[in-house]
Amino acid sequence: MNINELLNKAEEIRPADAKAVSLARERQETLAKPPGSLGGLEEISIRIAGMTGKTINRIDRACVAVFCADNGVAAEGVASAPQSVTMAQTINFTRRLTGVGALAESFGSDLLIVDMGVKDPIPRKLYDESPLGDTHRITDRRIRPETGETDNIALGPAMTPEEALRAIETGMEMADVIKSKGYEIMGIGEMGIGNTTTSAALLSAITGKPAEETVGRGGGVNDKGFARKKEIVDSAAGYFMKSGGIRTPEEMVEALSRMGGFDICAMAGAYIGAARNRMPVVIDGYISVVAALSAAIIAPKAKDYMIASHKSFERGYSIAVERLGLKPFLSLDMRLGEGSGCPIAFGIIKGACDVMANMATFEEAAIRDDYLEEIRSEERYKK
């Protein structure tokens, strides 16, 4: 896939269905409750209607796509954990022994585990070449089959533009697979030592903000590593920061190739792919939201299909989610990543849709609603 093909695919995304949104809002007004009394749940169900084009929606099958890759910048001491953890956790996803694995089991979600470039070798017996043929195995989509990881962004570009486009295309492919298997919603997660550094660099490049505002400690890097992390981000993103930030899809793809990771590129592609399939897609934490912001620059209409789950504790998250114009509905001080916020969010989104589908209207409940006319006329309920 070249850049023009990517932009053509992005253009195929349809905006949220305005008629479905209007009908969903009207139905919320008829349900037997005071106006706005279910707060954010009402807005979630209305947004889902706009995504699917249907007033009544069911969320019975959900899947988190977890993109795994190592980043060459880890050699700079910017992470608290060794790269072997990427390999170990990728294997542990198959056993549901990680945070997102345990939560997926608890909430009845599936995982699509994708090896985009794990450095240390994983036993071949754990792979399944058919995506979601077995949700407890790994899909091999390694961009660099021999070495796995990207190059060190402290020394030069992370990858070539062609590799970035291949990774984006892979993410779009995974979204297509999830849709084809009958899932109604998907979430976006990751595993990759060093990817809070690559995410911070991308956020600085996009917004023009310095590392002081975009770099956090990730998994708990020491003071020396934290200082080095900020140096690398300011240096890697400097070209775009000087011009005030990224403005075009072409610049975004260039930035992804210069300072991104195979994981983040694939995640951005998955957001675009979900939107092309009119499928709701849930954002997890910091890396996930930076990938979502990257996707929104390449394909602006993709924002209509994104749902922010939880407010990450990681510095920079708020900058990214506010730039997207989204509001997370959970605040749990989470910062694990992996897609761990997605299964929790799926449960809330399912509840919001079930209320829309199953709650009685005033007429069905045999309740006169004329007593609400004064409340409905108040300015705060006209939003």
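The values are calculated or read from the model by the stated rules, or taken from the named source; none is laboratory data. Since this is a predicted model, take the numbers as computed values, not measurements. Note that we place each Cβ from the backbone using ideal geometry, even for glycine, and neighbour counts take in every protein chain shown. Accessible surface is based on the protein model in full, side chains and every heavy atom, while ligands, DNA and RNA are left aside. Shrake-Rupley method; radii C 1.70, N 1.55, O 1.52, S 1.80 Å.
Odds and ends about this structure:
- Qualifying residue in the range 131-138 (condition: over 26 Å from Leu97 (Cβ atoms) and part of a loop (DSSP other than H, G, I, E, B)): no
- Positions within the range 80-96 being touching a Gly at 6+ places or on another chain (Cβ under 9 Å) and part of a loop (DSSP other than H, G, I, E, B), in sequence order: Ser80, Ala81, Gln83
- In the range 144-185, residue surrounded by the most Cβ atoms within 10 Å (Cβ to Cβ) [restricted to those that are acidic (Asp, Glu) and at pLDDT 95 or above]: Glu149
- If only residues of the range 186-210 that are part of a loop (DSSP other than H, G, I, E, B) and farther than 24 Å from Gln83 by Cβ are counted, the one that is least open to solvent (accessible area, probe 1.4 Å) is Gly208.
- For first residues located in the range 303-315 and more than 27 Å from Pro210 (Cβ to Cβ), partners that are open to solvent by 20 Å² or more (accessible area, probe 1.4 Å) and among the aromatic types (Phe, Trp, Tyr) and lie 6+ apart or on another chain with Cβ distances below 7 Å do not occur.
- Flag if Gly339 is surrounded by fewer than 24 Cβ atoms within 10 Å (Cβ to Cβ) and closer than 24 Å to Ala104 by Cα: no
- Counted residues, the range 4-42 - those being modelled with pLDDT of 95 or more, more than 17 Å from Arg276 (Cα to Cα) and β-branched (Val, Ile, Thr): 1
- Residues that are modelled with pLDDT of 95 or more, surrounded by fewer than 21 Cβ atoms within 10 Å (Cβ to Cβ) and outside any helix (DSSP H, G or I) within the range 243-278 comprise Gly245, Thr248, Asn277, Arg278, listed in sequence order.
- Top-ranked residue of the range 279-292 - restricted to ones that are assigned to a helix (DSSP H, G or I) and not hydrophobic (A, V, I, L, M, F, W, C), ranked as surrounded by the fewest Cβ atoms within 10 Å (Cβ to Cβ): Tyr286
- When the criteria are applied in full, Ile367 fails the requirement of being β-branched (Val, Ile, Thr) and surrounded by 20 or more Cβ atoms within 10 Å (Cβ to Cβ).
- Scanning the range 64-79 for residues being more than 24 Å from Leu103 (Cα to Cα) and either in a strand (DSSP E or B) or of a type outside the set (A, V, I, L, M, F, W, C) (or both) gives a total of 4.
- Residues that are more than 13 Å from Gly39 (Cα to Cα) and assigned to a helix (DSSP H, G or I), drawn from the range 339-348: Gly341, Cys342, Pro343, Ile344, Ala345, Phe346, Gly347
- Verdict on Ile319 being open to solvent by 20 Å² or more (accessible area, probe 1.4 Å), assigned to a helix (DSSP H, G or I) and in contact with a Lys or Arg (Cβ under 7 Å, 6 or more places away or on another chain): yes
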